[in-house]
Structures are given as structure tokens and as C-alpha cells.
Amino acid sequence: MIAALLLASATSFDPWLIFDRSPAREHSSETIEVGTLHDDEDFSYEFRRTVRNEHGEVVYWTDTRRCPQALDVLISAEKLESPAVSIPFLLGKDLIVTADGTGYHLKADAQYPEHGLGTIEFNSNSGTPLAQWVDDSLARLEPCWKANRMSR
């Protein structure tokens with residue numbers, strides 16, 4: 001039983017940052033999940049990429065040991081401009097609806113300065129800071145993906 005618990009903890013993946021890109025007309029999506037990778041000698045971050053399309057799903061892996069630019073993705077995530085609350089029609093605002101394009105999504109652990117932890121989650125379409133960050137992050141990570149997960 002102890003061996004099973006050790007194996008489970010060594011192979012588990014508990015992401016605390018998830019972002020994705022889903023082009024509406026392509027019927028595909030790309031999701032990146034980021035978790036923390038611990039071992040006795042080092043601390044790093046592990047990335048899992050899941051690509052879904054009409055043919056199925058393929059998973060790729062990388063981490064900040066194999067891909068130094070992955071750390072730049074995380075640093076830029078902390079600087080990402082988040083949207084503000086918008087109440088339709090309040091104070092003369094219009095309701096804006098977008099039916100196609102590319103959908104972007106982010107969900108992450110978050111905190112207010114000097115307060116407890118929480119979660120932040122938001123969606124957008126093309127032409128937003130989130131869209132730019134996701135597209136830039138995917139481009140930075142592109143050369144790093146491997147079919148196999150780094151051994152622990």
C-alpha cells in the first residue's frame with residue numbers, strides 16, 4: 001500500500017494554471033496545464049499540452065528544466081492584464097457579442113496583495129491581452145514539447 005501511495009504521488013499532476021486556445025471554425029483546441037515538479041534535488045514547473053481535434057487527443061510534456069523559456073511564460077503570466085467587471089448597458093456601455101473567432105481561457109491560483117489565496121478565471125476572444133499572452137506563450141513553448149514526461 002505504501003508503494004502504491006509513493007507511485008501515485010510521483011506520477012500525479014495537479015495543475016494550478018490552465019490556459020487554452022480554441023479556434024471556433026477549426027473544431028480543435030490546445031490546452032496547457034502547469035503544475036509544480038518536486039524531487040529531492042530540485043524544484044521546477046511541469047507543463048502538459050493537450051491537443052484535441054476531430055482525430056482525437058494527443059498529450060505532450062515539458063518543464064522548466066528542459067525548456068528555460070517556459071519560466072518566461074510563467075513570469076509573463078503574473079504580469080497579464082486581467083479584464084475589469086463590466087455591467088451591460090450601465091453608464092452607457094453597449095453589449096458586445098462575438099460569435100466566432102478564437103476563444104481564449106485562463107484559470108489560475110490567484111491572490112490579492114497581502115490577502116489569502118483564491119482563483120481567477122476569465123475568457124476572451126481575439127485582440128485582447130489574454131489572446132496575445134496565450135499566442136505568445138504557445139509560440140515560446142512550441143520547440144519544447146516531447147511525447148514523454150520527464151522522469152522523476
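The values are calculated or read from the model by the stated rules, or taken from the named source; none is laboratory data. Keep in mind it's a predicted model, so treat the numbers as computed, not measured. Every residue, glycine among them, receives a Cβ derived from its backbone with ideal geometry; neighbour counts consider all protein chains shown. When the accessible area is computed, the model is the full protein with side chains, heavy atoms only, and any ligands, DNA or RNA have been set aside. Shrake-Rupley method; radii C 1.70, N 1.55, O 1.52, S 1.80 Å.
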Just to verify a result, which residue in the range 12-36, among those that are among the hydrophobic types (A, V, I, L, M, F, W, C) and over 20 Å from Q132 (Cβ atoms), is most open to solvent (accessible area, probe 1.4 Å)?
W16
Kindly provide the set of residues from the range 60-100 that are modelled with pLDDT of 75 or more, out of contact with any Leu (no Cβ under 9 Å at 6 or more places or on another chain) and not in a loop (DSSP other than H, G, I, E, B), ordered by number.
Y60, W61, L71, D72, I75, S76, E78, L90
Scan (1) modelled with pLDDT under 90; (2) under 18 Å from D20 (Cα atoms); (3) of a type in the set (F, W, Y) for the single condition F43 breaks and write down its number.
(2)
Taking interchain pairs and intrachain pairs at least six residues apart, which have beta carbon atoms under 6 angstrom, with the first residue in the range 60-76 and closer than 14 Å to R48 by Cα and the second open to solvent by 70 Å² or more (accessible area, probe 1.4 Å)?
W61/K146; T64/L71; V73/R140
Determine if the range 37-45 includes at least one residue that is surrounded by fewer than 13 Cβ atoms within 10 Å (Cβ to Cβ), more than 16 Å from the chain's Cα centre (by Cα), without any contact (Cβ under 8 Å) to a residue 40 or more places away in the chain and within 19 Å of D135 (Cα to Cα).
no
